[in-house]
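Contents: one structure, followed by commentary.
The values are calculated or read from the model by the stated rules, or taken from the named source; none is laboratory data. Predicted model only: the values in this text are computed from it and were never measured. Cβ sites come from the backbone with ideal geometry, for glycine too, and all protein chains shown count toward neighbours.
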Amino acid sequence: MSKVRVHNFSVSLDGYATGEGLTFDAPFGHAGSRLHQWFFGTSTFRAMQGAPDGSAGVDEAFAGRWGEGIGAEIMGRGKFGPQQGPWEDEEWRGWWGENPPFHTPVFVLTHHLRPSVTMEGGTTFHFVDASPREALELAREAAGGLDVRIGGGPTTVREFLVEDLVDHLHVVVVPIVLGRGVSLWEGLEGLDERFDVESVTTPSGVTHLTFTRPKQS
């Protein structure tokens, strides 16, 4: 069966994956871009921007696994955009421009449905009111045997972890303290007992943690 993966998911030292005050101009609230500075210099990020070069070190080795073997993504509504409640502006098509970096079907979890949005490069956003297991069933069917990525935000990733649906979790601990925001770890006591856990600290100052489900003997 295909795997369920989380990649390049940054959190602060105090466990927040986004700050407070999310708006159209501030997708991560008061955290700004601080959680993702480690990523911006990598070849993977620069390629997403259509730019050449970029780093090829350990941060890139982790960042570059983001798209390998992925056939569909699931994300929460907060990752797609800052609107809440009924859609007041269906012209909003996400933060990524006309050619988002996903290039797969993307299932956006929301209680307020709207028509699917087809973008350039093979990305189609489908808006579904579904539980994690129901959404995963839809995504697996769309992925055609490839893996499914859980893209965020922290509430969505946490819901899939609570349901024990994640096979590989890559978390990047960034040495900043946000003090407030949305926590990844809240209510996940004992999570480490389900996984093989490894860590690598890089010259950029971040620590890459990987939680991998043990192979069945």
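Pairs are defined by a Cβ separation below 6 Å, a sequence spacing of at least 6 or placement on different chains, a first member in the stretch 93-111 that is more than 21 Å from Asp147 (Cα to Cα) and at pLDDT 95 or above, and a second member that is surrounded by 14 or more Cβ atoms within 10 Å (Cβ to Cβ) and not hydrophobic (A, V, I, L, M, F, W, C); the pairs so defined are Thr110/Arg77. Among residues of the stretch 43-69 that are under 17 Å from Thr207 (Cα atoms) and among the acidic types (Asp, Glu), those with a Cβ under 6 angstrom from a residue that is in a helix (DSSP H, G or I) and modelled with pLDDT of 95 or more, sequence gap 6+ or separate chain, pair up as Asp59/Trp38. Summed over the stretch 146-176, residues that are out of contact with any Lys or Arg (no Cβ under 6 Å at 6 or more places or on another chain), assigned to a loop (DSSP other than H, G, I, E, B) and closer than 20 Å to Phe28 by Cβ total 1. Checking each residue of the stretch 153-160 against the condition of being among the aromatic types (Phe, Trp, Tyr) and within 26 Å of Lys215 (Cβ to Cβ) gives at least one match. Of the numbered conditions (1) surrounded by fewer than 18 Cβ atoms within 10 Å (Cβ to Cβ); (2) of a type outside the set (Val, Ile, Thr); (3) at pLDDT below 95; (4) in a helix (DSSP H, G or I), Asp25 fails exactly one; give the number of that condition. It fails just one condition, (4).
Residues that are under 28 Å from Leu146 (Cβ atoms) and among the β-branched types (Val, Ile, Thr) within the stretch 2-51 comprise Val4, Val6, Val11, Thr18, Thr42, Thr44, listed in sequence order. The set of residues from the stretch 66-111 being of a type in the set (Asp, Glu) and in a strand (DSSP E or B) comprises just one member, Glu73. Output the residues belonging to the stretch 188-217 that are under 22 Å from Met1 (Cα atoms), part of a strand (DSSP E or B) and either over 20 Å from the mean Cα position of the chain (by Cα) or hydroxyl-bearing (Ser, Thr, Tyr) (or both). The answer is Asp196, Thr210, Thr212. When the stretch 1-22 is filtered for residues that are assigned to a strand (DSSP E or B) and either surrounded by fewer than 18 Cβ atoms within 10 Å (Cβ to Cβ) or of a type in the set (S, T, N, Q) (or both), the ones remaining, listed by number, are Asn8, Ser10, Ser12, Thr18.
Taken as a whole, the condition of being outside any loop (DSSP other than H, G, I, E, B) and touching a residue at least 12 places away in the same chain (Cβ under 8 Å) applies to Arg133. The condition (being out of contact with any Cys (no Cβ under 6 Å at 6 or more places or on another chain) and at pLDDT 95 or above) is satisfied by just one residue among Gly41, Gly57, Gly15, Gly50: Gly15.
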